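A short reminder: the numbers here are calculations on the coordinates, not readings from a lab. Here the structure is a predicted model, which is why all the values come from computation and not from measurement. Methodologically, a virtual Cβ is constructed for each residue, glycine included, from the backbone with ideal geometry; neighbour enumeration extends over all protein chains shown.
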Amino acid sequence: MTTGRDEVPPLANRYRVAVLGGDGIGPEVTREARETIELAAEIFGFAVAWTDYPFGAEHYLKTKEALPASALEEMKGHDAILLGAIGDPRLPVGVLERAIISGIRFGLDLYVNLRPIRLFAEHLCPLKGKGPRDIDLIVVRENTEDVYAGIGGFLKKGTADEVAMQEMIFTRKGVERVVRYSFDLCRRRAKDKKLTLVDKANAVGAMDLWTRVFEEVGGEYPDVTRDHAYIDAACMWLVKNPESFDTVVVSNMFGDIFTDLGAAIQGGMGVAASGNIHPGKASMFEPIHGSAPKHAGRNVASPIGAVLAGQMLLEHVGQPAAAAAIGAAVEDLFVSGRLRSIGTDSGVSTTQQGTLIREAMRRMAANAPAAS
Ligand code: IPM
Ligand code: MG
């Protein structure tokens, strides 16, 4: 709770957060996330020092600079990074996404891409007969290897004999660290204590590395049940029996695809958040939706994904109560019916959604027994 005095929180209670609003709807949704974090800070007695970065299409078109090495270096000195969205139709596909999103993921070695798939209220779910009790899983997507590692290229580019290739690479260390993280997370989550490895080892021989590492590391976690599904079947199960999942560990590209499906069953891309994490280091938090250029500047995009990214950020820096307060406020918005959908036609604007979340936080804080 606020004390009513103008106390400056001690350094340990002050976090440095880098912000990249980015492109399209990115800046609008990030603004709401930031204000929501600010309110959480006020209620729970900590402070955030923000550093704004201009990177994105506008900046690139003006300066030809995507993500300078010096900025990446500076970001390492922060506790976390909040990112809105990157991508602009004026630029060739993927140029900025690779330079900025992948640039941060790889540059800071953020090997975990954590993507909770949680349904807040039944009316958001496109699946018949499924409710919040059925849809509550967390996906750990490997974030620094696979076809995203950039090993590939062209031969005889632009000719009839052109060859294009991109290698799916996995390293022992890379697989092991993300698998270990997933077992730890599954244990901590204490839901069904079941970790599902999702891969395509039946067709992609190299994925045998995942199979072996999963078994080996799993041996150290006798309390966690090991489960397995091929990616194609896992997509089918996610629609048919989402309740069968607890924690999932998956390689980078399959995880990218699987989590869009996950976003759809939790209500849509607008509600899904992610953390790009290296435990103990500056990590980056972002909604999983893109920049949606056609909705930019119209105050219609839902900020929920960005706000929930803010929740994950606070969890990461060590403010779990503040994080939980944001989660509870978002849940209240849906359960109370104040927000019926997160589509751009919800009738509740970006800024109104942010305001409603913060009102719920204030209300809950006022009703809560005094926090210490
Ligand atoms: C995501 C996105 C990115 C990815 C794109 C924008 C490069 O789809 O974060 O899921 O493929 O990882
Ligand atoms: Mg994606």
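Of all the residues in the range 276-302, those that are on the phi < 0 side of the Ramachandran plot and either within 11 Å of ligand 1 (Cβ to nearest atom) or assigned to a loop (DSSP other than H, G, I, E, B) (or both) number 17. Selection of first residues in the range 237-260 that are at positive phi and of second residues that are assigned to a loop (DSSP other than H, G, I, E, B) and within 16 Å of ligand 1 (Cβ to nearest atom), restricted to Cβ pairs under 6 Å at least 6 apart or on distinct chains, gives an empty result. Screening Leu308 with (1) in a helix (DSSP H, G or I); (2) closer than 30 Å to Arg90 by Cβ; (3) within 14 Å of ligand 2 (Cβ to nearest atom) gives one miss only, at (3). Residues in the range 268-289 that are over 12 Å from the mean Cα position of the chain (by Cα) and within 14 Å of ligand 2 (Cβ to nearest atom): 1 in all. Restricting to the range 320-356, name every residue that is assigned to a helix (DSSP H, G or I) and closer than 18 Å to Gln266 by Cα. Hits for the range 320-356 are Ile326, Gly327, Ala328, Ala329, Val330, Glu331, Asp332, Leu333, Phe334, Val335, Gln353.
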